[in-house]
Every structure is written in C-alpha cells, then in structure tokens.
Amino acid sequence: MNDLHFLSVAEAAELIKSKKLSPVELTQAYLDRIATLDADLNAYIAVLKDPATAEAKRAEEEIGRGEYKGPLHGIPIAVKDLINVAGVPTTGGSKFLTDNVPQEDAPCITNLRKAGAVILAKTHLHELAYGPTGINVHYGTPKNPWDRERVPGGSSSGSGVAVAAGMCAAALGSDTGGSIRIPASLCGIAGIKPTYGRVSRRGALPLAWSLDHVGPMSRAVEDCALVLQALAGHDPLDPGSAQVPVPNYTAGIRQGVSGLRIGLIRDYFFENIDPEVAQAVDVAAGVLEGLGAKTEEVSFPLAHQASLINAPIIQSEALAYHLPTLRTRWNDYSPQVRLRLLGGLGATGTMYANAQRARAVMVRRALELFDRVDVLLTPTEPVVAPRIDEASRPDATVTAGGRSDGVVNALTRFSRLFNLTGFPAISVPCGFSLAGMPIGLQLAGKPWDEATVLRAAYAYEQATDWHQRRPVP
Amino acid sequence: MAEQITTDFLRDLYRNAGLTPSEEELKALVPVVQAFYDGAPQVEEILHREDEPSTAFSLPVQS
C-alpha cells in the first residue's frame, strides 16, 4: 500500500476496521517517515518509538479479537510538547523543564488512549507557547515543509509541520491567540480551536488560563471532527471546563451548506492583508455561495480595539504563571520570550479587570451576530508564512497591504478575537500564493456549535483540492 | 493625559517584583508599558458607552 503516511484518519480507520491495514504497519510507516524527514524538518522533540509500537501492537490484537473501539483505534497521533504524556518529559519548548516528567497523562491524552489512539511522538513548539512563529532558540525552529526557509507558524509549530509532511495521522495543539490556526494556515492543513471549555486543559502547561484551548490538527476536516470527538467532554478538575453535552461531530458533517448563513467580515479582516490572501478568501466565499450558502457582510464588534483588550489579559496571566520561575531561572528564558513576559507587569490590576469587562462587551455583541448568520468567514492570516531569518529579528515586522506591523501582532490579529470570545474557529487551506505558500480560511461559529463550523469547513474542503496538495512526496 | 513611562519607573516596578531587567530590556519595555497606559482610557471609553450590568466581569460558573 503506497502513501500510507498521507492517509487521512478517516481513510486509515476504514482500512484498520476492515483489517486491510494493521496499526503496526501504519505506525511503522510514520516512524520510517520521521526517520527520513525529521532531521531536516525538526518537527519532533521526542519520538516514542517503542511505546508507540507496543500500543500499535496492542491495538492490532484488540481489533483482531473484535474489540474495535472506533475510528481512532490504532491511529498514530502526535502531541504538542506542552501536553503531559505520562513518563515523557513535557518541556514546553523551554530550557528549564527538561526534567519535568509527568506521572500521569493529561485528560485529553487519556481520552485519546480510551479511543485506542497510538501516542506517536511529542512535537516542538514556540518556547512556552508564547509566540506565533514557531521560532525556538533552544531546540531549533521546525521548518515549514512548503519552504524550509519560512516559519511554520506557532505556537503549535511542530504539530503543523508533522501533519503537513505526513509524519503523523493527526496532532494535538493548543491555542491561546491562534496557536492551532496559525500553523494550520501557514502549513496548509486543518486545525480547530474548539469552544472555550470544550476540551480539558488540565495537564497542559498554561499560557493564559482564560484564553487557552486544546484542539486537533489534521490533513482533513473530518479528521479534526473525529479527534475532537474523542477529546471533548467535561473535566471537573479543570476550572475552565464546561459541562455541556458533546454532539456527534461527524453525524451531520456531510449535510452541505445549502441555506447556511455566512457572515463575511471585511471590516478589519480585509485591511492590511496581502492581495493574494484577500483574493483567495473572496474566492472561497464564492465557492461556499456556489454550494448554496448565503453570504452577507458583517462587522465584528470591537475588532479594532481587540489588541487593547487582549494585551492586558494575556500578558498579565502569562506573567502570573511565570513570575516565580523568572525570579530563579532568568537566563533560561530566551530574551524574546522573557521580554514578552516582562511586559505583563506593566498592566495594572484595574487595567486587567477593565480588559475582562470589555471582553464581556465584545462577547455579548458578537453573539448578536449569530441572530443573522450561522458562521463567520475571515482570512486566518493576513500573509503567508514569513521567512525565518526575518521573523527571528528582535524587531521583526511583517508587511501586508502596504502596512508594516510587528510579527506577533500581524500573525495573531485575526485569530485572537476567537480566543477572546471563546467561539469555536477552524482554519482550512483555501489556496496558495504565487510563491507556493499556503493560505488559510478561518470559519468561526457560536459557542458549542463546532458541528456547524466543521460542516461548513468540510463542504468547502470537498469542493476544492487544496487539502490534497503535499509539500513533500 | 496618560502617564509617561520612563525606565526609572520601570526599574522600580520590576525591582519591587524581584526582577532585574537590563537597561536595554527596560528601554524595550517602555513602549510596551506605555501602550497599556495609552490604551486604558480607550478601554474605559468602551465600558462608558455600555450599560451596566453588561460590563460585569465574572468568573465562569461552576457546573
């Protein structure tokens, strides 16, 4: 069987269920692929070769006995290295956590194991998840497989690279300001940030508690649905976890978008973006209209003030977590991440409280949009992946639509709105630039309505072939 | 008018928190912290335009 490594989770699941493909064979295919590519691409910090092989063997035996657990049974999944896998260091991409070996799996990993998944490897990330490029001075920067001179996006950089290059069936990421969707967009794959509280964050290193999310990244939208199905659910020990029923995410995924009301947001989201990105997203909106969706232009409330609202929240919460360690391990932080963390002390308590209040205003007014539309449509990023050498500079900027912006603000300004509101949001590939770099389309929905977001994304994906293009054969 | 942030102000702020950024870091932090002070009135204006209790800040209710 050729190209095992590029099978979608759904495709592999069918073959495994019918015993035409062994989990051992599939896992070995990824291990071989990693051995071939990863010395160059640097997606992985730890490859769990022996445990993954043992898990694959166990899955094979279970399936042989007729104990099939479902579509993730025997599927090799990579995990961002800020999520705990028992017995394996969780470094957070940092220098001071190399000896941080958790004794227990994070609940999201426990859920994957219950579904029969094989935990394949731990992926690199932007140091402490505090950056949107994926650049990491301690462990090296994962390379965008579409152009190795360019960043993969972050902070779930290694997960983005591993999925795009066929080095895993799917991967887990986390998302505080866009860290699933940014690498998904820049690496040409699908990645969904679910509703805040949908997936337990316990056992994942925090960046900002009120903004953190965990979610799946994959080569196909249906795979995101399958993995999210396993991840989702209430965790009473995560204070941010919600007790909300989890629907069947694949049940209606093929229903199409006839009559679906799409809110295309031009204001703010089409300002200062690459013309190629604008064109690709406009064409994507047209594709959805061609499939029967109805599009109207809407505005996102307080989008232009989002930076003012977001900064005190993310910076205060991030510093609150790291302050004790900064006092004792100052030099073990990279200068860039350290500077970002230090900024948090400049926000007073009143500024933080008022930012949270303004956030509540944004949420309330954004929810009103869903009286008129079912999903929101925007670009995921204003640009394609920047060059590593340019993005590595302390004063790195990105120029889009004639305007120069700091690289952090540029790469997060479209995604962080859905961290602030907690609404579910997915990025799917919607085209390529003339330079051959992926462009991402972002679809967002109302709280708890991942199913509609996935349905719209699936319909778009199936009407196009962007998701079938491969950066590396 | 928003407070004008200086490296002296920041040096004391960080020292009180048990941190000692370099002078170069302090200079780099001036515009970051200035942005908080410049932005705070704009955030307050957002709240001023809205009616209470919609501007309440509450924690997630445990279920």
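Here A:Val453 clears all of (1) surrounded by fewer than 23 Cβ atoms within 10 Å (Cβ to Cβ); (2) out of contact with any Ser or Thr (no Cβ under 6 Å at 6 or more places or on another chain); (3) closer than 26 Å to A:Gly233 by Cβ except the condition numbered (1).
Kindly indicate whether any position in segment A:288-298 is in contact (Cβ under 8 Å) with a residue 12 or more places away in the chain, crowded, with 19+ Cβ neighbours inside 10 Å, of a type outside the set (Lys, Arg) and within 11 Å of another protein chain (Cβ to nearest Cβ). No - not one qualifying residue is present in segment A:288-298. Note on segment A:218-249: among residues that are touching a strand residue (DSSP E or B) at 6+ places or on another chain (Cβ under 8 Å) and of a type in the set (D, E, K, R), the one that is farthest from A:Pro194 (Cα to Cα) is A:Arg219. Between A:Val151, A:Val137, A:Val161, A:Val221, the distinction of being closer than 21 Å to A:Pro379 by Cα, modelled with pLDDT of 95 or more, over 14 Å from the mean Cα position of the chain (by Cα) and among the β-branched types (Val, Ile, Thr) belongs to A:Val151 only. Of B:Leu10, B:Leu26, which residue is part of a helix (DSSP H, G or I), within 14 Å of A:Ala347 (Cβ to Cβ) and at pLDDT 95 or above? When all the criteria are applied, what remains is B:Leu10.
For segment A:109-130, does any single residue satisfy the condition of being at pLDDT 95 or above, part of a loop (DSSP other than H, G, I, E, B) and of a type in the set (S, T, N, Q)? No, the conditions are met nowhere in segment A:109-130. For A:Glu317, the requirement of being under 25 Å from the mean Cα position of the chain (by Cα) and among the charged types (D, E, K, R) is met. Within segment A:320-334, the residues that satisfy the criterion of being assigned to a helix (DSSP H, G or I), more than 8 Å from chain B (Cβ to nearest Cβ) and not aromatic (Phe, Trp, Tyr) are A:Ala320, A:His322, A:Pro324, A:Thr325, A:Thr328, A:Asn331, A:Asp332. Filter segment A:191-206 down to residues that are closer than 25 Å to A:Leu367 by Cβ and hydrophobic (A, V, I, L, M, F, W, C) and give me whichever is farthest from the chain's Cα centre (by Cα). Looking at the filtered set, the residue picked out is A:Val199.
Have a look at A:Ala251, A:Ala232 and point out the one that is closer than 25 Å to A:Gly173 by Cα and either crowded, with 21+ Cβ neighbours inside 10 Å or modelled with pLDDT under 95 (or both). Going through A:Ala251, A:Ala232 in turn, just one is closer than 25 Å to A:Gly173 by Cα and either crowded, with 21+ Cβ neighbours inside 10 Å or modelled with pLDDT under 95 (or both): A:Ala232. Would a scan of segment A:290-308 turn up a residue that is among the hydrophobic types (A, V, I, L, M, F, W, C) and within 23 Å of A:Asn136 (Cβ to Cβ)? The answer is no, given that none of the residues of segment A:290-308 is among the hydrophobic types (A, V, I, L, M, F, W, C) and within 23 Å of A:Asn136 (Cβ to Cβ).
For every residue, the table says whether it meets (1) under 27 Å from A:Gly191 (Cβ atoms); (2) without any contact (Cβ under 8 Å) to a residue 12 or more places away in the chain; (3) crowded, with 22+ Cβ neighbours inside 10 Å.
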{"residue": "A:Ala311", "(1), (2), (3)": "yes, no, yes"}
{"residue": "A:Ala318", "(1), (2), (3)": "yes, no, yes"}
{"residue": "A:Asn331", "(1), (2), (3)": "no, yes, no"}
{"residue": "A:Leu342", "(1), (2), (3)": "no, no, yes"}
{"residue": "A:Ala347", "(1), (2), (3)": "no, no, yes"}
{"residue": "A:Arg359", "(1), (2), (3)": "yes, no, yes"}
{"residue": "A:Val363", "(1), (2), (3)": "yes, no, no"}
{"residue": "A:Val375", "(1), (2), (3)": "yes, no, yes"}
{"residue": "A:Thr378", "(1), (2), (3)": "yes, no, yes"}
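Yes or no, residue by residue, for (1) surrounded by fewer than 21 Cβ atoms within 10 Å (Cβ to Cβ); (2) over 14 Å from A:Gly188 (Cβ atoms); (3) of a type outside the set (Lys, Arg); (4) in contact with a strand residue (DSSP E or B) (Cβ under 8 Å, 6 or more places away or on another chain):
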site: A:Ser392; (1), (2), (3), (4): yes, yes, yes, no
site: A:Gly401; (1), (2), (3), (4): yes, yes, yes, no
site: A:Ser415; (1), (2), (3), (4): no, yes, yes, yes
site: A:Ser427; (1), (2), (3), (4): no, no, yes, yes
site: A:Thr464; (1), (2), (3), (4): yes, no, yes, yes
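The values are calculated or read from the model by the stated rules, or taken from the named source; none is laboratory data. All values reported here derive from a predicted model rather than from experimental measurement. Every residue, glycine among them, receives a Cβ derived from its backbone with ideal geometry; neighbour counts consider all protein chains shown.
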